[in-house]
1. Using the Cα centre of the protein assembly as shown as the reference point, and only Cβ charges (+1 on K/R, -1 on D/E), how large is the resulting charge dipole? Debye, rounded to the nearest 20.
2. Please give the length that would be gained between residue B:180 and residue B:35 if that part of the chain were fully extended, namely 0.36 nm times their separation in residues minus their C-alpha to C-alpha distance (nm, one decimal).
3. Nothing charged except the Cβ atoms of Lys and Arg (+1) and of Asp and Glu (-1): what's the magnitude of the dipole of chain A about its Cα centre? Round to the nearest 20 debye.
4. Multiply the residue gap between residue A:33 and residue A:123 by 0.36 nm, knock off their C-alpha separation, and tell me the result in nm, one decimal place.
5. For the range B:223-336, which whole percent of the accessible surface, found with a 1.4 angstrom probe, sits on carbon and sulfur atoms?
6. What is the distance, in nm, between label points placed 7 Å from the Cα along the Cα-to-Cβ direction at residue B:146 and at residue A:150?
7. Which one, B:297, B:207, B:275, projects farthest toward the positive side of the charge dipole computed for chain B from Cβ point charges (K/R +1, D/E -1)?
8. Give the lysines whose C-alpha is closer than 30 Å to that of residue A:45, dropping any in the same chain fewer than 8 places away, or say none.
Amino acid sequence: MTPPRMLQNFNGNRALMIAVPGATAVPLCGMLAKLGLSAEPIEGKAEVLGALASQVNHERDVLIVDGDADVPGVGPFATPSRLAMAPVIALVGVETPGRLRVLMGFGATAFIRKPVQQSGVYSALFLGINGYRHRRFVDELIAAQEQRRRGRRALVKAILKLMGQGLDDEAAYELLRKAAMRSRLSVEAYSEALLDDANGPSRNGLGDISAPLKIRF
Amino acid sequence: MGYLQEYRIGLLFSTTGSYGVVARSMLNGALLALKELNGEAPGGATFVPVVADPGGSIERYADLCRDLLCSGIKHIVGCYTSSSRKEIIPLIEKHDALLWYPSHYEGFETSNNVIYTGASPNQHIMPLIDHMLARYGSRVVCLGSNYIWAWENNRIMRETILLRGGSVPLERYIAIGEIDFSTIIGEIMSIRPNFVFNTLIGTSAYSFFKQFREQCAAAGINQTGEIPVASCSLSEPELQAIGPDAVDGHISSSVYFSSVATPENDAFLEAYARSYPDGPSVSADAEASFVAAKLLGLSIRSVGSDNVRQVRSDVVKLRVKAPQGEVFIDPDTLHAYLTPRIGRSNRNFCFDVLLEARAPVQPDPYLLRYSPRFTLDQPARLRLVQ
């Protein structure tokens, strides 16, 4: 997996401004417009936020949430264990640990201090959007690694089975690796498919349990 | 007897210190504009310059700026380096005053309390890249002083060059004031790039130009023809500092050269020479200072007050015939529409203008229209001058 490219130009992005009051929204929208972003106000109500998830595109949208507003629950946002649906930048007025923790729970990857000054908005977008992209990449990487980890059991079984056919462990692994590459699968996924097939009625022609594992060379 | 309204204008330039030469030409430009304004409308509002010199010391900028603001001054024309501008902007914003910043810079800033009359990156570096790639090739060595101007311009150069299929085999940063370039020049000569992109400043730049020319000549290389040096900060006072042996053949991108052929420039050069016979010679930043002070004075006269809010609203409606051509302020970014040009230095310590834009170009301080993410815009198309 290739790490995401660092973005520096936010022209064409959309800022969804959740529960941002007018006095803060006016200077913020002015600066966002200078940076090429359009801004849309979003009410901080549970039903509005609930419907938001289906409309948000994490490549295009950035959520800007007022940390001092009473936004119900974490709604469609991240729990600390889940990634937010799009980059979240929080506007911070009250700098108490409780509020900051809630904002991080929303998935905030950057803060803008209130009252909003023009300087600092670009840095917050840069950090918030690139931080989110990096976190998303790491999450996907971990998920992929987890899936492979789970597949190691099938790989070990497949190696053992091939060893039963007279190969040593190195040769068995090498055979599986090459066959997996030809099939454009990870070696774990290939082993799983191979064993599945061997365990039941033939689904993909890879063989069955009673027969030796057959790998196309 | 009528009451003659006087407005005190702060002029904050480091006329002594390491970049004093350019700053003196900037102060001269601003003073000349105020003098002309005072002479234009006898009996009308007059402008009294209040000059402060931080001497190139970053700590002095905030103190002197605070003194000017606390004395009731609402408008300051000044600053050359980005570090000095960043130092005083918080004070300017706190007092809700206006800084008229008259220097080309690296962009990535807007403030409601700053009017920018110098060139934005899309008005200097983008036309330069376009010209150098078309004329010389896309294998580039980047050489700069170790600070923000060089870092950011080299980043823009590198990203654009790579995007267009070129290469940057060497990128080097030198401490400000360093004057020994023998090792780096050796590297450049062994790489033989299509051109060198120079973002060195002050004495480092002058030393590099001289040593590069000498070492190329010793190796039998025609430096200007084979490895030209391109800059977007080189101006006429600096050509004097390079000296006669290495002054010619350098490419510079700027919105103003003293050789620009307009009646307004002829008048500007004549008035400048008459007022400041001892120099330093005019520069793009001197012209930007002249334009900044002119716009400021005209706005104050137009609204009949130096009230910041009114002046800011009025200045975006003005169009002035500046020495470089028509100049006006973009209401969204408060940066100036300016006319990009490419020049080549000659033995008379001036630039021959090779190319220029047909009309003033909209400022784009965040380079939003040059986005590798969506589409790659072409820089402003320049027309052939000679």
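1. Working: 61 positive and 61 negative charges, 362 e Å.
Result for the protein assembly as shown is approximately 1740 debye, rounded to the nearest 20.
2. Working: separation 145, 0.36 × 145 = 52.20 nm, distance 4.26 nm.
Stretched out fully, the residue B:180 to residue B:35 stretch lengthens by 47.9 nm.
3. Numbers: 27 positive and 21 negative charges, 101 e Å.
Charge dipole of chain A: 480 debye, to the nearest 20.
4. Numbers: separation 90, 0.36 × 90 = 32.40 nm, distance 1.50 nm.
Gain in length upon complete extension: 30.9 nm.
5. On the way: 1860 of 3840 Å².
That fraction is 48 percent.
6. Here the modelled spin labels are 5.1 nm apart.
7. About the Cα centre, the residue reaching furthest to the positive side is B:297.
8. Hits, sequence-local ones excluded: A:34, A:114.
The values are calculated or read from the model by the stated rules, or taken from the named source; none is laboratory data. Please read these numbers as outputs of a predicted model, since none were measured by experiment. Ideal geometry is used to build each Cβ from the backbone, glycine not excepted, and the neighbour counts take in all protein chains shown. Ligands, DNA and RNA are excluded from the accessible area calculation, which covers all protein heavy atoms including side chains. Shrake-Rupley method; radii C 1.70, N 1.55, O 1.52, S 1.80 Å.
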